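Reviewing the structure listed below.
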Amino acid sequence: MNKFFLGIDIGSTSACTVILDEQANILFEDYRRTYGQPLKTVKDILEEIDPKFPLREITFLSFTGSGGKTFLPLLGGEFINEIIAHAKAAMHFYPQVRTIIEIGGEDSKLIFLETDKEGRPRIADFAMNTLCAAGTGAFLDQQAHRLGLKIEEFSSLALKAKNIPRIAGRCAVFAKSDMIHLQQAAVPDCEIIAGLCFAIIRNLKSNLAKGRQILPPLVFQGGVAANLGVRRAIKEIFNLKDDELIIPKYFKIMGAIGAGL
């Protein structure tokens, strides 16, 4: 009988779901926004899964993410710490990884890896930001809305910037003040957007890395990894070559994959 492993990552803004087989092949994947209704979202996902992969035949169910524990009394299964889940997925696909940055809607994570005596990667240390909009996907969504842009437009415009202004990334309120000042000074939107992308990575470097060395290869995952401006900021701020920054194919659902693994 085949064994199926269901991993679900419930964050502040999205639900990510995967089904793996015994060889860790991804048989099903889903990423969707919850719009403040995580219970309904997961119910809808499970109803879609059931005809293809009957839930009674799921061998193991695991949750991760800030909302994952909510589902344990309802569905059973296990809760996997999200640092462990994200690291597990990154190490599975990229055993050479030395640093992981994960930025979601609610928080940012910085994970440092080392190798054990057998040369296998393992977690050496990690840091997370406090539950604050600054430095997260929610922060970028807010600023894109203020500029009247879709987040996809916001992302691509950041690459057009030649001059990148300094914007406060530690606090969303201060960032808004800096943005207003720059707009009054007729600074192009592309440069303001780039400044915001660089601000959240400078914030991560100062508040999470705290002087610790960021070693390549660096894996960047989470929903914000789709943002081209933030990718640029990571490369430039941490002085990474093109092949030293890895954006996983499944960057949006790495937490769910790690929980399943």
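A short reminder: the numbers here are calculations on the coordinates, not readings from a lab. Here the structure is a predicted model, which is why all the values come from computation and not from measurement.
Points worth noting:
- Restricting attention to the chain, close to 65% of DSSP beta bridges with both partner residues there are antiparallel.
- Residue of Pro95, Pro73, Pro217 that the Gaussian network model of the chain assigns the largest fluctuation, springs spanning Cα pairs under 10 Å: Pro73
- When the pairs Lys43/Lys88; Lys69/Lys160; Lys109/Lys176; Lys40/Lys241; Lys160/Lys249; Lys40/Lys205 are compared against a 32 Å limit on Cα-Cα distance, Lys69/Lys160; Lys40/Lys241; Lys40/Lys205 fall above it.
- Stokes-Einstein translational diffusion, region 157-261 - Kirkwood Rh over all Cα pairs, 0.890 mPa s, 25 °C, in µm²/s: 166 µm²/s
- With both residues required to sit in region 1-151, DSSP beta bridges show an antiparallel share near 75%.
- Evaluated at q = 0.09, 0.11 Å⁻¹: base-10 log I(q)/I(0), Debye formula over Cα of the chain: -0.42, -0.61
- Amide H contacts for Ala124 (H built 1.01 Å from N in the peptide plane; partners 5 or more residues away or on another chain; cut-off under 5 Å): Phe112, Leu113, Glu114.
- For region 12-52, the Kirkwood hydrodynamic radius comes to 11.0 Å, computed from all pairs of different C-alpha atoms.
- Estimated 222 nm signal from helices in the chain, with DSSP H stretches of n ≥ 4 weighted -39500 (n - 2.57), rounded to 500: -10500 deg cm²/dmol
- Interchain or long-range residues, amide H under 5 Å from Arg212's placed H: none
- Cross-link reach is defined here as a Cα-Cα straight distance under 18 Å, omitting same-chain residues fewer than 8 places apart; for Lys252 the aspartates and glutamates meeting it are Asp9, Glu29, Asp30, Glu82, Glu102, Glu106, Asp107, Asp141, Glu152.
- Whether region 53-96 is rounded, prolate or oblate, judged on the alpha carbon gyration tensor where a/c under 1.5 counts as rounded: oblate
- Converting the Cα gyration tensor eigenvalues of region 1-128 into ellipsoid dimensions via √(5λ) gives semi-axes, longest first, of 26, 19, 12 Å.
- Between Phe4 and Thr59, Phe60, the built amide H atoms are under 5 Å apart, and every one of these is 5 or more places off in sequence or on another chain.
- Each part gets one Cα centre, and for region 19-39 versus region 187-224 those centres are 27 Å apart.
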